[in-house]
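The structure appears below as structure tokens.
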Amino acid sequence: ILLARGECPERARRVEGLSLTLTDSGSKGYYTYIAELKNGQLYVGVTDNLKRRSTDHAAGKTSTRTSRVFGFRQIIYSEPHPDKTSALKRERQLKGWTHAKKKALASGRVQLLKRLARSKHHDHSPPE
């Protein structure tokens, strides 16, 4: 998994639905996560409790208009951070990525992610 310069690869975690995130909810620190919405959009956010945040998104109890309007499907990726500042920094970085790059990160497709990062075009989709 490709991370920003200086980030530890061991921090990154690919998540398959909510089951993997439940074990993370009690640990200290913050998480940057990517959630898939029902219309296919991806939402990038930060939380200190993945389980609670997933439940809130699913119930529509979030401060994010995006997940309330378009519907929450699942968290597809998360990575732990030692503090809120580093989690917010990573959130800003991921929000600047294309949909294809976020999907490649979430699915662990490292080679595709590297190719997309080198590409000058921001509108192509990954091959199926």
Suppose we keep only residues that are open to solvent by less than 30 Å² (accessible area, probe 1.4 Å) and closer than 23 Å to Ala104 by Cβ within the range 47-70. Which one would you say is modelled with the lowest pLDDT? Ser67
Which of the numbered conditions does Gln74 fail, given that it passes all the others? Conditions: (1) open to solvent by 50 Å² or more (accessible area, probe 1.4 Å); (2) under 13 Å from Gln41 (Cα atoms); (3) in contact with a helix residue (DSSP H, G or I) (Cβ under 9 Å, 6 or more places away or on another chain); (4) in a helix (DSSP H, G or I). (4)
Taking the range 30-45 and keeping only residues that are under 14 Å from Lys89 (Cβ atoms) and either outside any strand (DSSP E or B) or aliphatic (A, V, I, L, M) (or both), one is left with Val44
What number of residues in the range 96-121 are closer than 13 Å to Leu42 by Cβ and loosely packed, with under 14 Cβ neighbours inside 10 Å? 1
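The values are calculated or read from the model by the stated rules, or taken from the named source; none is laboratory data. On a predicted model such as this, the values are computed, not experimentally measured, just so you know. All Cβ positions, even for glycine, are placed from backbone atoms using ideal geometry, and neighbour counts span all protein chains on display. When the accessible area is computed, the model is the full protein with side chains, heavy atoms only, and any ligands, DNA or RNA have been set aside. Shrake-Rupley method; radii C 1.70, N 1.55, O 1.52, S 1.80 Å.
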